[in-house]
Amino acid sequence: MKNLFTPILVLAASASFAQTTFWTENFGTGCNRGQLATAYTGSNGTWTETVTGVNATYYNPWFVSATAAGTAVNTCAANCQVVPSNTNQTLHVGNPFITIFTTTILADTTSTYLTGIFCGAGYCSATDRRVESPTINCTNRNTITASFLYYENGETTNDDASMWYFNGVTWSNINALAKTPLGSCSPMGQWIALTVNLPASADNNANVKLGFKWINNDDGVGSDPSFAVDDITISGFLSIGYGNYPYPELNVWSDQNNVFVAGVSTYKISGIYNIVGQAVSFTSEGDHYAVNTTSGIYFVEVEIEGVRVVKKILIR
């Protein structure tokens, strides 16, 4: 039976079958304690913040500094004021400047946070705020992922971080961000690596943003650290000319492990790739191509008059 993949995804003009990084954010360097996230401007632009719920007088702000310095995956975060050599800034939630009775606490004391333990005395710290990236241009990219290092603690879902996504119109929660093991790092965090698939609406979208939201209540319960993130990379498959298909007569389909091309008189299949971009072997059999592979979704690259066109097919 002829297996048509409908709708067919068309990638015209040029294509790359390896997912590559096209946007990064490492939050810079420097031991500048107390720098609010909204005061940080990196090579991509300025980070912003949205109030997403109720915030008390002494809410826990978002900072970009090295008091919760990034190190490497499976290692402990460090405070640049204790370890001066580590000035790798991160995005994290920290405490505000506060004087409790006769004790003054400076802002951004690592990734510690106020739990509301003194709320009965008027020092309430309920927090509900989302920090948001500059616009991420995903034009000519598809199958997009976000990778980063992070750590998180807090009281269950009462004191909690989550990852958010903006499609150019609306924000949505795309990952609950599980609590991470502390190991021997407590009260600092232990960095772990995570990769999150962005929604399909990010494909070829010039107006994507990522956000991280932190909430905590005032029940006085919770344990440091709060939440920190570093070394964000956005990757995807290159799809130049996405949706601008110059050969509407071209038809590519499969019948079991045979691939057929019709609608154009002069062409050459220059490659067949699986869903993760790995080339699979094939041979020309006169009016079709025999593919040595298992069932699944594949990309067939056809060269026509010096232009490479890629179609997605289903081989069963």
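Any read-out appearing in this document is the output of simple, stated calculations on the displayed coordinates, not a laboratory observation. Owing to the predicted nature of the structure, the values given are computational and were not obtained by experimental measurement. Positions of Cβ are backbone-derived with ideal geometry, glycine not excepted, and every protein chain shown enters the neighbour counts.
Result for the chain in a Gaussian network model with C-alpha springs under 10 Å: among 30, 189, 53, the largest mean-square fluctuation is at 53. Summarising the amide proton neighbourhood of residue 129: residues at separation of 5 or more, or on other chains, whose placed amide H is nearer than 5 Å comprise 52, 214.
Extending 7 Å from the Cα toward the beta-carbon at both residue 74 and residue 39 defines two label points whose distance is 3.7 nm. Normalised by the number of residues in the chain, the mean separation of alpha-carbon contacts (under 8 Å, six or more apart) gives a relative contact order of 25 percent.
Each residue of region 275-283 is assigned a 3J(HN,Hα), and the resulting list reads 5, 9, x, 8, 5, 10, 7, 8, 9 Hz, derived from the Karplus form 6.51 cos²θ - 1.76 cosθ + 1.60 (θ = phi - 60°), x at Gly and Pro. Scan the chain and report its longest stretch carrying no GluC sites (Glu not before Pro) that are both in a DSSP loop and have at most 13 other Cβ atoms within 10 Å. By the stated rule (loop sites, at most 13 other Cβ atoms within 10 Å), 1-248. Lacking any other cysteine beta-carbon closer than 4.7 Å, the following Cys residues of the chain have no compatible partner: 138.
With charges set only on the Cβ (+1 for Lys and Arg, -1 for Asp and Glu), what does the dipole of the chain come to about its Cα centre, in debye to the nearest 20?
380 debye
Residues whose amide H lies under 5 Å from that of residue 100, counting only those 5 or more places away or on a different chain, are 105; hydrogens are built 1.01 Å from N in the peptide plane. Gain on full extension, evaluated as 0.36 nm per residue between residue 251 and residue 173 minus their Cα-Cα distance, stands at 24.2 nm. When the chain is described by a simple charge dipole with +1 on each Lys and Arg Cβ and -1 on each Asp and Glu Cβ, the residue from 75, 41, 90 located farthest towards its positive end is 41. Of all the options 106, 91, 238, the one that moves most in a Gaussian network model of the chain with Cα springs shorter than 10 angstrom is 106.
Multiplying the residue separation of residue 274 and residue 156 by 0.36 nm and subtracting their alpha-carbon distance yields 38.5 nm.
For region 284-291, backbone phi angles converted through the Karplus equation (6.51, -1.76, 1.60; θ = phi - 60°) give residue-by-residue couplings of 7, 10, x, 8, 7, 10, 8, 10 Hz, Gly and Pro being listed as x. Largest GNM mean-square fluctuation across 147, 186, 270, computed for the chain with C-alpha springs under 10 Å, falls on 270. Between residue 285 and residue 204, the modelled label-to-label distance comes to 3.2 nm, taking each label 7 Å out from Cα in the direction of the beta carbon. Between the C-alpha center of region 95-141 and that of region 252-269 there is a gap of 58 Å. A cut-off under 9 angstrom between Cβ atoms defines the neighbours of residue 49, and their net charge, with Lys, Arg +1 and Asp, Glu -1, is +1. In this structure, the amide hydrogen of residue 256, modeled 1.01 Å from its nitrogen in the peptide plane, lies closer than 5 angstrom to those of 3, 316, counting only residues at least 5 positions away or on a different chain.
Subtracting the Cα-Cα distance of residue 105 and residue 186 from 0.36 nm times their residue separation leaves 27.2 nm of extension gain.
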